[in-house]
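A quick write-up on the structure given underneath.
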Amino acid sequence: MGDGGDMNTTHVDRLVGSRLKSIRGVRNLSLSELAQSAMLSVEDYVDAEAGARRFRAAELFRIAKKLDISMADILEVLDGSSRAVVDDVR
């Protein structure tokens, strides 16, 4: 993993990555396009999308801008997973 890697990723990280993968597919964008917009290597982007690495807030902001969506659109996947969010805070 690259510089932004985090061995303590959580269910929330996987949900966010899965959400981005879905939106990326709908928008017909490649991994390399979103990695470049996030200023990440393709490897780091793939790891983050898979939930094996955490996205940083600035990376999510740049991705949202590229996808022409809000940060809330990315994080709305957590609305149905509030228990996971609470568990991660503990």
**Asked** For region 57-72, which residues satisfy the criterion of being without any contact (Cβ under 8 Å) to a residue 24 or more places away in the chain and crowded, with 17+ Cβ neighbours inside 10 Å?
**Response** Ala64
**Complete:** So the helices (runs of 4 or more DSSP H) completely within region 1-68 holding 2 or more residues that are of a type in the set (Ser, Thr, Tyr), modelled with pLDDT of 95 or more and more than 23 Å from Asp79 (Cα to Cα) are 31-38
**Complete:** Checked region 16-30 for anything loosely packed, with under 13 Cβ neighbours inside 10 Å and small (Gly, Ala, Ser); matches are Ser22, Gly25, Ser30
**Prompt:** Considering region 33-56 alone, what residues qualify as being surrounded by fewer than 19 Cβ atoms within 10 Å (Cβ to Cβ), out of contact with any Ser or Thr (no Cβ under 7 Å at 6 or more places or on another chain) and in contact (Cβ under 8 Å) with a residue 12 or more places away in the chain?
**Reply:** Glu33, Ser37, Met39, Ser41, Glu43, Val46, Ala50, Arg56
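The values are calculated or read from the model by the stated rules, or taken from the named source; none is laboratory data. Computed from a prediction, not measured in an experiment: that's the story for all the values here. FYI the Cβ positions are ideal-geometry reconstructions off the backbone, even for glycines, and counts take in every protein chain you see.
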